[in-house]
Amino acid sequence: DGSKYISGNRLQLPMIKVDISSYLGLQPETFSRSMKRLQEKGYLINTTKHIDIMNFDRIIEAIEN
C-alpha cells in the first residue's frame with residue numbers, strides 16, 4: 001500500500017534515490033539534476049529521506065512540457 005509513504009505534501013522515500021532512478025529507467029545524475037531543478041524553482045524540497053511538494057500544479061506543468 002503506497003499510501004503509507006504519503007502524508008499531506010510529504011512523500012517518504014521507500015528506497016534510496018539511486019534505486020528510484022534505476023526503477024524509473026533514469027541515470028542517477030539525470031534524476032538528481034531533475035530534482036535539483038524542481039527544488040530551485042521552489043516546487044519541492046528534496047531531502048535524503050523525503051520530498052516535500054510545495055507546488056504540485058507547477059510540478060505537473062513541468063512534467064507535461
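The values are calculated or read from the model by the stated rules, or taken from the named source; none is laboratory data. Here the structure is a predicted model, which is why all the values come from computation and not from measurement. Cβ placement follows ideal geometry from the backbone for every residue including glycine, while neighbour counts extend to all protein chains displayed. To get the accessible areas, we keep the full protein, side chains included, count just its heavy atoms, and leave off ligands, DNA and RNA. Shrake-Rupley method; radii C 1.70, N 1.55, O 1.52, S 1.80 Å.
Some points to look at:
- Index of the failed condition, residue 28 passing every other in (1) touching a residue at least 12 places away in the same chain (Cβ under 8 Å); (2) open to solvent by less than 70 Å² (accessible area, probe 1.4 Å): (1)
- Pick from the stretch 1-13, criterion outside any loop (DSSP other than H, G, I, E, B) and open to solvent by 80 Å² or more (accessible area, probe 1.4 Å), ranking: farthest from residue 47 (Cα to Cα): 4
- Scanning the stretch 14-45 for residues that are closer than 17 Å to residue 56 by Cβ and in a loop (DSSP other than H, G, I, E, B) yields 41, 42, 43.
- In the stretch 31-52, the residue that is modelled with the highest pLDDT out of those that are open to solvent by less than 50 Å² (accessible area, probe 1.4 Å) and small (Gly, Ala, Ser) is 42.
- Residue selected from the stretch 14-25 under the condition surrounded by 11 or more Cβ atoms within 10 Å (Cβ to Cβ) and of a type in the set (Gly, Ala, Ser), by the criterion farthest from the chain's Cα centre (by Cα): 22
- Residue check for residue 59: without any contact (Cβ under 8 Å) to a residue 60 or more places away in the chain, surrounded by 15 or more Cβ atoms within 10 Å (Cβ to Cβ) and outside any helix (DSSP H, G or I): no
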